[in-house]
Amino acid sequence: MAWLNSEITWAANEGSEALLEIIGQKAERFNAINVATALHRLARCHRDGNKELAENEAYEFMADLWEWDDYSTPKSKHVKT
């Protein structure tokens with residue numbers, strides 16, 4: 001879904017609030033690449049850390065899409081690959 005990646009990138013360029021809004025509205029349609037892009041862009045928006053981000057519902061939804069094995073390797077739980 002390349003169009004979703006374009007929206008994620010556009011929103012990230014507008015700022016964290018726009019990006020979180022896109023995530024909140026469209027995360028259920030994300031594939032693995034969209035999830036990776038969104039998380040990467042969020043990290044870039046919040047390089048210094050942000051407690052509000054960690055408590056944001058859209059961020060929590062994104063983080064919950066992944067599980068970690070014993071080797072700290074992410075594995076998709078609910079994302080189409």
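Would you pick out the residues in segment 47-57 that are at pLDDT 70 or above and within 14 Å of residue 15 (Cβ to Cβ)?
Scanning segment 47-57 gives a single hit, 56.
Output the number of residues of segment 1-48 satisfying the condition of being polar (S, T, N, Q) and within 17 Å of residue 59 (Cβ to Cβ).
Step one: filter segment 1-48 for residues polar (S, T, N, Q), giving 5-6, 9, 13, 16, 25, 31, 34, 37.
With the extra rule that they be within 17 Å of residue 59 (Cβ to Cβ), the set shrinks to 16, 25, 34, 37.
Counting residues in segment 1-48 that are polar (S, T, N, Q) and within 17 Å of residue 59 (Cβ to Cβ) gives 4.
Just to verify a result, which residue in segment 1-17, among those that are in contact (Cβ under 8 Å) with a residue 12 or more places away in the chain and either among the polar types (S, T, N, Q) or in contact with a strand residue (DSSP E or B) (Cβ under 9 Å, 6 or more places away or on another chain) (or both), is farthest from residue 33 (Cα to Cα)?
Checking each candidate, the answer is 16.
The values are calculated or read from the model by the stated rules, or taken from the named source; none is laboratory data. Worth saying up front: this structure is predicted, and the values here are computed from it rather than measured. Here the Cβ is made from the backbone with ideal geometry for all residues, glycine too, and neighbour counts use every protein chain on show.
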